[in-house]
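Read-outs throughout are calculated quantities, based only on the coordinates presented, and are distinct from any laboratory measurement. Bear in mind the structure is a predicted one, so any value in this text is a computation, not a measurement. Here the Cβ is made from the backbone with ideal geometry for all residues, glycine too, and neighbour counts use every protein chain on show.
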Amino acid sequence: VQLQAYGGGLVQSGESLRLSCAASESIFSVASMAWYRRAPGKQRDLVASITRGNSTNYADSVKGRFTISRDNAKNTVYLQMNSLKPEDTAVYYCNSGAPSDWWNYWGQGTQVTVSS
């Protein structure tokens, strides 16, 4: 398994969760990392991304609430999600690299459910 995501769960609106995604060292050392999500009946959308140099990018819907970070010593990328809303309910996937990269992998997905 190249990417292992975990940390999802059921929370109430306004609460927080932190997702983690552990990658193999060979991938983490070269890859930009990202979190995507797929809500029921919708396509998979980018939530946040982070480059090897720690430049970050966020979807407008999560700006100011979510923070992506990476720990190079642990080969792990995190998604801190604060002030969660019911519309954040989705399966969250971590991703490495771009489709043209040999280090392009997807994690298995972790369910986040936010109740109102």
*Roughly how many Å is it from the Cα centre of segment 70-89 to that of segment 1-67, as a whole number?*
5
_Charges at C-beta only: +1 for Lys and Arg, -1 for Asp and Glu. How large is the resulting dipole of segment 1-94 about its Cα centre, in Debye rounded to 20?_
80
*Under 5 Å, built H, 5+ apart or other chain: amide partners of Leu84*: Gly14, Glu15
*Gain upon complete extension [Ser29, Trp106; 0.36 nm per residue less C-alpha separation]*: 26.1 nm
*asked:* Can you give the local net charge around Ser49? Use residues other than it whose beta-carbon is closer than 15 angstrom to its beta-carbon, Lys and Arg +1, Asp and Glu -1.
replied: +2
*If contacts are Cα pairs under 8 angstrom and at least 6 residues apart, what is the relative contact order of segment 6-116 in percent?*
35
*So, in nm, how far is label Ser55 from label Val1 when the simple model puts each one 7 Å beyond its Cα toward the Cβ?*
3.2
